[in-house]
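As structure tokens, the structure follows; a few thoughts come after it.
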Amino acid sequence: MPKFTIETTYHLPVFRHATYSADTPEAACRLAVEDKDWSGQREDYGSCGETYVAGIWEGADAVYRGQAIRVPRHFEAAVQRKAAHFEIMLGLLKIMVGDAKAGRATASEWFAKSEWAIALGEAMLEGARGPDEPAAGGGDPDA
């Protein structure tokens with residue numbers, strides 16, 4: 001049976017409390033964001049993010065040495081998946097609005113892609129895997 005080395009990680013929030021003198025809340029927020037002194041930082045283990053796969057390599061103990069394998073989309077960090085999905089949805093919306101403004105019908109392939117994108121977006125909101133994107137020629141969409 002093949003062996004794979006998997007790197008998993010999660011984001012650990014680090015926070016600090018500090019007092020700033022400023023004329024407005026916005027100015028105080030700006031000072032806080034620009035403040036480089038993190039000497040009083042604390043870790044917030046109660047708010048750490050999801051565990052996700054950061055890398056896969058063929059073989060045992062093969063980190064950075066074995067053949068790297070693309071991480072299947074569902075195992076990537078949710079924030080990265082959502083950002084990529086936003087880009088897809090924006091692209092589809094631009095196509096459909098452009099077609100509507102030009103008075104032309106939107107090609108059926110874009111409706112099919114939109115239905116997939118909607119189903120994937122709903123699955124993301126539910127924390128589920130969602131459908132794979134239909135690949136050109138029926139191949140593996142993660143290949």
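The values are calculated or read from the model by the stated rules, or taken from the named source; none is laboratory data. Because the structure is predicted, anything quoted here is derived from the model rather than measured. Here Cβ is always computed from backbone atoms with ideal geometry, including for glycine, and neighbour counts include all displayed protein chains.
As an exercise: evaluate Gly121 against (1) under 23 Å from Val53 (Cα atoms); (2) exposed (fewer than 15 other Cβ atoms within 10 Å of the Cβ) and give the number of the one condition it does not meet.
Answer for Gly121: the failing condition is (2).
If you go through the stretch 77-91 one residue at a time, do you hit one that is within 30 Å of Met1 (Cβ to Cβ), touching a residue at least 60 places away in the same chain (Cβ under 8 Å), in a helix (DSSP H, G or I) and of a type in the set (D, E, K, R)?
Checking the stretch 77-91: not a single residue is within 30 Å of Met1 (Cβ to Cβ), touching a residue at least 60 places away in the same chain (Cβ under 8 Å), in a helix (DSSP H, G or I) and of a type in the set (D, E, K, R).
Consider Ala78 carefully, then state whether it is loosely packed, with under 13 Cβ neighbours inside 10 Å, closer than 30 Å to Trp110 by Cβ and within 19 Å of the chain's Cα centre (by Cα).
Answer is no for this residue.
Do you know which residues across the stretch 80-111 are small (Gly, Ala, Ser) and within 23 Å of Leu125 (Cβ to Cβ)?
Matches in the stretch 80-111: Ala83, Ala84, Gly91.
Quick one: Ala62 ticks every box in (1) over 21 Å from the mean Cα position of the chain (by Cα); (2) part of a helix (DSSP H, G or I) bar one, so which box is it?
(2)
Quick check on the stretch 63-71. Is at least one of its residues free of Cβ contacts under 8 Å to residues at least 12 places away in the same chain and surrounded by 14 or more Cβ atoms within 10 Å (Cβ to Cβ)?
Scanning the stretch 63-71, I find no residue that is free of Cβ contacts under 8 Å to residues at least 12 places away in the same chain and surrounded by 14 or more Cβ atoms within 10 Å (Cβ to Cβ), so the answer is no.
List the residue pairs whose Cβ atoms are under 7 Å apart, where the first residue sits in the stretch 1-16 and is in contact (Cβ under 8 Å) with a residue 24 or more places away in the chain, the second is among the hydroxyl-bearing types (Ser, Thr, Tyr) and assigned to a loop (DSSP other than H, G, I, E, B), and the two are 6 or more positions apart or on different chains.
Close Cβ pairs (under 7 Å, with a partner that is among the hydroxyl-bearing types (Ser, Thr, Tyr) and assigned to a loop (DSSP other than H, G, I, E, B)) amount to Thr8/Thr51; Tyr10/Thr51.
Please specify each residue of the stretch 25-51 satisfying the condition of being charged (D, E, K, R), modelled with pLDDT of 95 or more and assigned to a loop (DSSP other than H, G, I, E, B).
Within the stretch 25-51, Asp35, Lys36, Asp37, Asp44 meet the criteria.
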